[in-house]
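One structure below.
We did not get these values from a lab; they are worked out from the coordinates using the rules stated. Note that the structure is a prediction, hence the values are computed from the model and not measured. Cβ placement follows ideal geometry from the backbone for every residue including glycine, while neighbour counts extend to all protein chains displayed.
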Amino acid sequence: MIEIENLYKSFNGRPVLKGVDLNIPTGKIAVIIGPSGCGKTVLLRNMIGLIDPDRGRVMVDGVHVAGMTPKELSAFRRRFGMLFQNAALFDSMTVFENVAFPLIESLRGRPRPVDVDRVVEEKLALVGLSGEGGKMPAELSGGMRKRVGLARAIVLEPSIILYDEPTTGLDPVMTQSIDNLILSMQRRLTITSVVISHDIDSALRVADQIAMIHDGRIIECTSPDKFLKSTNPIVRRFLEAGTEGLRGERE
């Protein structure tokens with residue numbers, strides 16, 4: 001379980017997180033939504049220990065993230081896989097080399113042999129990219145790049161996957177494809193998934209739990225069905241704006 005308690009974070013005197021409280025159950029998909037610039041990505045970076053909070057704490061399976069030594073933190077991060085917003089592939093590497101990179105780095109100085117080719121091909125197959133290992137990122141569509149990024153995120157077999165705006169910049173058909181992939185990963189790998197998004201349609205499709213962040217705090221956290229019925233006026237405005245955008249896409 002990921003437990004976030006009274007989390008505060010400011011940058012250059014500007015408060016971003018103002019007392020976030022959130023519990024993410026093990027083995028579930030939690031979607032954190034909210035408008036751009038509301039602190040979603042800052043929250044994600046606190047979860048993995050890339051930044052430390054000013055106050056409050058993040059606990060992962062009972063371990064205080066900010067209290068770890070650098071060596072402990074390095075080992076801890078192996079439990080996470082992360083799909084970055086723009087996939088963040090190395091343009092000079094092939095698809096295969098991109099996926100293999102964290103695996104090869106993790107094996108440095110370790111005597112136990114690992115069949116890198118087998119592991120990489122297995123992960124590419126999981127995301128529907130069998131036989132695509134020789135291509136360069138420039139040859140791929142936006143959706144395929146996200147799939148490569150996801151294959152790289154799961155190559156070390158993490159127990160938690162963090163998705164930072166996984167459907168940004170994709171058309172509705174490709175968005176649904178990525179949503180289906182998130183659900184497939186959840187079923188096949190039995191992991192905990194945290195998805196950062198401002199796409200309410202996507203959130204409703206994949207989430208077990210939706211948490212909305214506004215003005216640096218979580219203002220609603222519940223199941224998709226209950227989220228749709230929320231009487232919170234800020235949630236209602238967000239839902240109505242999302243529905244209007246969807247109508248525009250479909251007309």
Placing +1 on the Cβ of each Lys and Arg and -1 on the Cβ of each Asp and Glu in the chain, which of Val63, Gln85, Ala125 has its Cα farthest towards the positive end of the resulting dipole? Val63
Work the Kirkwood hydrodynamic radius out for the range 63-131: mean of 1/r over every pair of different alpha-carbon atoms, inverted, in Å. 14.2 Å
Using a simple charge model, +1 on the beta-carbon of Lys and Arg, -1 on the beta-carbon of Asp and Glu, nothing else, what dipole does the range 165-222 show about its Cα centre, in debye to the nearest 20? 300 debye
With an 8 Å cut-off on Cα pairs and a minimum separation of 6 or more residues, tell me the relative contact order of the chain in percent. 26 percent
Where does the chain land at 222 nm, in deg cm²/dmol rounded to the nearest 500, when only DSSP H runs of n ≥ 4 count, each adding -39500 (n - 2.57), divided by all residues? -12000 deg cm²/dmol
Per the C-alpha gyration tensor (a ≥ b ≥ c, the square roots of its eigenvalues), the chain is rounded if a/c is under 1.5, else prolate if a/b beats b/c, else oblate; here it's oblate
Over the range 1-128, relative contact order from alpha-carbon pairs under 8 Å, at least 6 apart, %: 20 percent
For Asn12 paired with Ala138, estimate the spin-label separation in nm (one decimal), with each label point 7 Å from Cα along the Cα-to-Cβ line. 3.5 nm
Obtain the nm distance between the two label points defined at Leu189 and Asp61 by a simple spin-label model: each point lies 7 Å from its Cα along the Cα-to-C-beta direction. 1.5 nm
Computed FRET efficiency, Cβ-Cβ of Ser92 and Asp171, R0 45 Å: what is it to the nearest 0.05? 0.95
List the chymotrypsin sites (Phe, Trp or Tyr not before Pro) within the range 51-118 that fall in a DSSP loop (any state other than H, G, I, E or B) and whose Cβ has at most 13 other Cβ atoms within 10 Å. Phe90
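May I ask for the equivalent-ellipsoid semi-axes of the range 100-161, computed as the square root of five times each C-alpha gyration tensor eigenvalue and listed largest first in whole Å?
Largest first, the range 100-161 gives 22, 13, 10 Å.
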Stretch Glu72-Asn232 to full length: gain in nm at 0.36 nm per residue minus the Cα-Cα span? 53.5 nm
Calculate the length of the line joining the C-alpha centroid of the range 128-148 to that of the range 6-22, in whole Å. 37 Å
